[in-house]
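The structure appears below as structure tokens.
Please treat every number below as a calculation from the coordinates, not as lab data. Note that the coordinates shown come from a computational prediction; the quantities given were computed from them, not determined experimentally. Reconstructed Cβ throughout: ideal geometry from the backbone, glycine too, with neighbour counts over all protein chains shown.
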Amino acid sequence: MFALALHGGAGTIARASLTPTLEANYRAALATALAAGTALLAQGAPALDAVEATVRSLEDCPLFNAGRGAVFTHDGHHEMDAALMDGASRRAGAVAGVRQVQNPIRAARLVMEQTEHVLLAYPGADELAREHGLPLQPAEYFFTQQRFDQLQEAIAAGRTQLDHAASPAPAADPNWKKGTVGAVARDVRGHLAAATSTGGMTNKRYSRIGDTPLIGAGTWADERCAISCTGHGEYFIRAVVGYDVACLMEYKGLSLAEACRVVVHDKLAPVGGEGGLIAVDAAGNLALPFNSEGMYRASRNAAGEAQIAIY
Ligand code: ASP
């Protein structure tokens, strides 16, 4: 028995802007990523391999804000964050602010397996990827016209990441997209893993790091649960979202679904922490809660039932 869930970001997904063709493209990309992870889990592969493969598939798709298609910083660059964690061993690896590595999630795994560290940032992280032969790409590879247009709109409106929380409220702003990607899995041995990858937030100040690569905030896995988050990173960092779900299960005895509900709806939502998460527990139960208008997501539960949804 195994289970897998993935997300392609939560946020204000304006129904009017999602044409039937675009929606079909999103659903196809989510299905492809789900198939990539499921195929590995079905062969008995470790959860860590499955979440990495799932996230790589989403990083390679320009529809999502990770890898190819990552959003722009205020100064017109891409700075990508990624992390993964293996629940059984509690080993973790992460990169922040990488600009060249084609698949940041692979660089995160290198940090975990090839260094004594957990988090590497900026040129040193790209350098590690280069040293180990991971494909690097020029800035044009990560460029998408849509993300560039979003940046121009955000600059024209004078919005930077720091004043999103003020006015206008992110929920009212259709351009404030959060298309981070992530995956969580429970493998046939009962081991759990989580992986998350993002370009961050449009028009973010350069060198800004979000919740994604921070172990315990945007990404977490232990023997009890695996969590991957998407949403307004500053809120997720301060709420230590991934670890809080694990703690509610451990200290309060809450079920996975209840712990996720408390964090996403009772804790994040009231303070404006827009977003959601995907989670799996050791029994293979899945939870995919969000407090935003939508969250691109797909899952395959322990009974083998697949689901793809946006709203
Ligand atoms: N959480 C990400 C960040 O703040 C953004 C996202 O989820 O889209 O960097």
Fully extended contour minus Cα-Cα distance, from R224 to E140, at 0.36 nm per residue: 26.1 nm
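How much length is gained on full extension from Q43 to A302, taking 0.36 nm per residue of separation minus their Cα-Cα distance? Show your work: numbers first, answer last.
Details: separation 259, 0.36 × 259 = 93.24 nm, distance 1.47 nm.
Stretched fully, the Q43-A302 segment lengthens by 91.8 nm.
If each DSSP helix of 4+ residues adds -39,500 (n - 2.57) and the sum is divided by the residues in the chain, what number results at 222 nm, nearest 500 deg cm²/dmol?
On the way: 9 runs with 97 residues, N = 311.
Estimated from H runs of four or more residues: -9500 deg cm²/dmol.
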The chain: Cα Rg divided by the 2.2 N^0.38 Å rule of thumb: 0.89
Prolate/oblate/rounded label for the stretch 216-291 (Cα gyration tensor, a/c 1.5): prolate
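If we sort 45-51, 139-145, 119-125 on the protection proxy, mean other Cβ atoms within 10 Å, highest first, what's the order?
Values: 45-51: 25.0, 139-145: 13.4, 119-125: 18.3.
So the peptides 45-51, 139-145, 119-125, ranked by packing, come out 45-51, 119-125, 139-145.
What range in the chain is the longest one free of trypsin sites (Lys or Arg not before Pro) that are in a loop by DSSP and have at most 15 other Cβ atoms within 10 angstrom?
On the way: sites that count: R90, R189, R205.
Looking at the chain, 206-311 is the longest stretch - no exposed trypsin sites (Lys or Arg not before Pro) with at most 15 other Cβ atoms within 10 Å.
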Gaussian network model of the chain, springs between alpha carbon atoms under 10 Å - residue of A66, A42, A239 with greatest fluctuation: A42
Gaussian network model of the chain, Cα within-10 Å springs - most flexible of V98, V271, V262: V271
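How much length would be gained if the chain were fully extended between R15 and S89, taking 0.36 nm per residue of separation minus their Cα-Cα distance, in nm to one decimal?
Details: separation 74, 0.36 × 74 = 26.64 nm, distance 4.16 nm.
Result: 22.5 nm gained on full extension.
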J(HN,Hα) series, the stretch 189-202, from Karplus relation 6.51 cos²θ - 1.76 cosθ + 1.60, nearest Hz, glycine and proline x: 8, x, 7, 10, 8, 9, 8, 9, 8, 7, x, x, 10, 4
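Please identify every one of the GluC sites (Glu not before Pro) in the stretch 226-311 that sits in a loop by DSSP and has no more than 14 other beta carbons within 10 Å of its own beta carbon. If you can, show how the numbers build up before the last one.
On the way: sites: E234, E250, E258, E274, E293, E305; in loops: E274, E293, E305.
Taking the stretch 226-311 and a limit of 14 other Cβ atoms within 10 Å, the loop GluC sites (Glu not before Pro) found are E305.
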Prolate/oblate/rounded call for the stretch 254-311, Cα gyration tensor, a/c under 1.5 rounded: oblate
Relative contact order (%) - the chain, alpha-carbon pairs under 8 angstrom, separation at least six: 26 percent
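In terms of the Cα gyration tensor, with a ≥ b ≥ c the square roots of its eigenvalues, is the stretch 1-120 rounded because a/c is under 1.5, prolate because a/b exceeds b/c, or oblate?
Working: a/c = 2.44, a/b = 1.19, b/c = 2.06.
Judged from the Cα gyration tensor, the stretch 1-120 comes out oblate (a/c at least 1.5, b/c at or above a/b).
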Ranked packing of 1-9, 148-156, 283-291, most packed first, by mean Cβ within 10 Å: 1-9, 283-291, 148-156
